[in-house]
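Asker: Have a look at this one before I ask anything.
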Amino acid sequence: MKNTPVKSIVAIAIGAALFFVCGRFVAIPSPVPNTNISIQYGVLALFGAAFGPFVALLAGFIGHALIDFSYGWGIWWSWVIASAVFGLVIGISKNHVKLATEKFDGKRIVTFNIYQIVAHVLAWVVVAPILDIVMYAEPWNKVFLQGFVAALANIVTTAIVGTILCVAYSATKPKKDSLEKK
Amino acid sequence: MMNIFNYIERRSPIHAMTGASKLVCLLLWSFGAMSSFDPRFLFALFVLALVLFKISKIRVADIRFMLWFTFVFCLLNNLLIFLFSPMHGTEIYGSCHEIFHIAGRYTLTQEQLLYHLNVFLKYAATIPIVLLFVTTTDPSEFASSLNRIGVNYKIAYSVALALRYIPDIQREYHDITLSLQARGVEMSKKASLGARLKTASGTLVPLILSSMDRIEVISNAMELRSFGKNKKRTWYRYRKFTAWDFGAMLLGLAVLLISVVLTAFVNHGRYFNPFV
């Protein structure tokens with residue numbers, strides 16, 4: 001399956017819309033303020049694995065910015081950028097997971113999850129807190145705790161939701177050598 | 001269906017402006033407000049934002065819910081900062097004027113109060129402008145505005161598409177939830193967190209699969225119409241800039257310039273420091 005540019009544009013749009021809907025209406029609050037247990041990263045992880053880094057980066061960026069816009073609390077750029085970073089990193093997994101052509105099981109599930117863990121740690125424990133400190137001069141221990149909680153919650157949710165979604169999506173794609181000659 | 005972006009149609013000079021100039025103003029303004037920690041400057045921005053609100057004919061009653069939400073968010077954030085770093089102000093301003101001791105490592109200092117004032121004012125200076133942008137800009141004009149300020153039109157178009165499909169996806173999500181509930185799946189707070197996560201992904205699977213089909217359908221339709229063939233495209237919502245538009249962009253630029261001047265020449269840093 002070749003990804004035409006038009007298809008990427010549409011994938012960005014639908015990815016951002018899904019990210020928005022999941023983030024805005026399916027949020028489950030966590031004990032730490034300003035931090036939700038958010039299943040939208042599971043969706044973004046699927047888009048990354050299926051369409052690659054470019055699509056997931058922009059879908060995360062646009063989706064997150066739209067969420068911030070719709071709440072009216074101002075755009076929290078540091079976290080919007082962190083979402084984009086997550087999309088970028090998980091998107092790199094596309095060539096290793098091969099959702100469209102190979103069966104998504106065992107080794108590939110592990111690969112996918114290693115990617116999502118690395119992506120979440122990078123996004124929430126590195127990028128978001130550092131940008132918070134640089135842009136908003138917040139105390140480092142507060143932003144790193146928020147980052148740790150966000151990373152942990154997101155890793156768990158993505159491991160559950162993202163994996164289920166990838167299995168379901170992969171099952172709908174015809175696999176290489178799925179036809180046998182008799 | 002609930003209007004998520006809260007666009008409120010009124011007749012006012014601010015509504016009549018193009019989305020592009022408002023977006024430029026918003027970005028410059030928020031960048032200016034973000035980089036400075038000078039309470040005098042931030043307070044002036046807050047007052048200016050209130051004046052703009054008056055001009056836009058948007059009433060407080062229209063946005064009460066969003067204001068409330070933001071206020072709680074801001075309060076929690078401040079509380080968290082104090083809990084984690086009660087001496088953050090002292091670290092920033094390099095001095096310590098104690099007001100009174102609370103308990104343990106918690107001491108209230110003038111520096112800390114000034115820092116919290118700054119954080120509060122930062123919200124007060126930026127939130128009204130964001131709200132103003134959201135309530136006075138038609139979402140469908142937003143995409144053409146993005147293109148106008150230099151974003152590639154394909155990306156701008158995908159923002160437009162996202163805005164177009166959010167209500168559809170929302171409706172579909174709602175339908176799927178209802179049909180699951182009709183089959184007796186527990187989705188309310190009564191279920192445990194793990195169970196809710198599991199049902200949430202159960203809802204997501206059909207939603208995602210139908211969205212993947214949607215991607216095929218939309219991109220085929222767009223390809224049939226030769227989307228992306230040319231370097232530029234025109235927009236149905238395109239409007240010419242008026243004096244108000246230039247005014248708004250100049251205002252944004254002025255805010256950013258003042259912020260830079262304050263940082264570079266007046267305060268010699270991002271913080272206004274009255275303690276030295």
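Rule-based calculations on the coordinates, nothing more; no lab input. It should be emphasised that the depicted structure is a prediction, and the values quoted were computed from it without experimental measurement. Here the Cβ is made from the backbone with ideal geometry for all residues, glycine too, and neighbour counts use every protein chain on show.
Asker: What dipole magnitude, in Debye to the nearest 20, does chain A give about its Cα centre under +1 on Lys/Arg Cβ and -1 on Asp/Glu Cβ?
Answerer: The dipole of chain A has a size of about 880 debye.
Asker: Under 20 Å Cα-Cα from B:LYS57, which lysines qualify once same-chain neighbours fewer than 8 residues away are excluded?
Answerer: List returned: B:LYS22.
Asker: Principal axes first, then extents: for the Cα atoms of segment B:144-224, list largest minus smallest coordinate on each axis, whole Å, largest first.
Answerer: Its Cα atoms span 49, 28, 17 Å along the three principal axes.
Asker: Tally Lys and Arg at +1 and Asp and Glu at -1 over the other residues with C-beta under 11 Å from the C-beta of B:ASP245: what net charge comes out?
Answerer: +4
Asker: Among A:SER93, A:SER170, B:SER95, B:SER192, what is the fewest-to-most ranking by other Cβ atoms within 10 Å?
Answerer: Starting with the residue having the fewest Cβ neighbours, the order is B:SER192, B:SER95, A:SER170, A:SER93.
Asker: Identify all aspartates and glutamates with a Cα-Cα distance to A:LYS142 below 15 Å; exclude those on the same chain that are fewer than 8 residues away in sequence.
Answerer: A:LYS142 reaches A:ASP132, B:GLU91.
Asker: Rounded to the nearest angstrom and ordered from largest down, what semi-axes does the equivalent ellipsoid of segment B:10-134 get from its C-alpha gyration tensor (root of 5λ)?
Answerer: Result for segment B:10-134: semi-axes of 34, 15, 11 Å.
Asker: With θ taken as phi - 60° and the coefficients 6.51, -1.76 and 1.60, list the Karplus ³J(HN,Hα) couplings across segment A:155-166 in order, rounded to whole Hz; mark glycine and proline as x.
Answerer: Ordered by residue, 3J(HN,Hα) equals 4, 5, 5, 5, 4, 7, 5, x, 5, 4, 5, 5 Hz.
Asker: Also, quick follow-up: If you take the square roots of the eigenvalues of the alpha-carbon gyration tensor of segment B:237-276 and sort them as a ≥ b ≥ c, do you get rounded (a/c under 1.5), prolate (a/b over b/c) or oblate?
Answerer: Prolate, because a/c is 1.5 or more and a/b exceeds b/c.
Asker: Among A:TYR169, A:ILE12, A:SER70, which residue has its Cα furthest toward the positive end of the charge dipole of segment A:5-171, with +1 on Lys/Arg Cβ and -1 on Asp/Glu Cβ?
Answerer: It is A:TYR169.
Asker: By a straight-distance test (C-alpha under 15 Å), which aspartates and glutamates pair with A:LYS7 as possible cross-link partners, with residues fewer than eight away in the same chain excluded?
Answerer: By straight Cα distance, A:LYS7 reaches B:ASP213, B:GLU216, B:GLU223.
Asker: If the convex hull of the alpha-carbon atoms of chain B is projected onto planes in all directions, what is the mean projected area in square nanometres?
Answerer: 20.5
Asker: 5 Å is the cut-off here: which amide hydrogens, built 1.01 Å from N in the peptide plane, fall below it relative to B:TYR7, excluding neighbours closer than 5 in sequence?
Answerer: Result for B:TYR7 returns nothing.
Asker: Please give me the summed charge of the neighbours of B:THR263: other residues whose Cβ is under 12 Å from its Cβ, Lys and Arg +1, Asp and Glu -1.
Answerer: So the surrounding residues net to 0.
Asker: Volume per residue, Å³, of the convex hull around the alpha-carbon atoms of segment A:65-175?
Answerer: 102
Asker: Please label the shape of segment B:170-276 as rounded, prolate or oblate, based on the square roots a ≥ b ≥ c of the eigenvalues of the alpha-carbon gyration tensor (a/c under 1.5 means rounded; beyond that, a/b larger than b/c means prolate, else oblate).
Answerer: Cα axes put segment B:170-276 in the oblate bin.
Asker: Given H placed 1.01 Å from N in the peptide plane, which residues other than close sequence neighbours of B:THR107 have an amide H under 5 Å from its amide H?
Answerer: Here B:ILE102 satisfy the definition.
Asker: Counting pairwise Cα distances across segment B:45-198, what percent come out greater than 19 angstrom?
Answerer: Here the tail beyond 19 Å accounts for 73 percent of pairs.
Asker: Report the normalised scattering of the protein assembly as shown as log10 I(q)/I(0) at q = 0.07, 0.12 Å⁻¹, calculated by the Debye formula with identical scatterers on the alpha carbons.
Answerer: -0.39, -1.10
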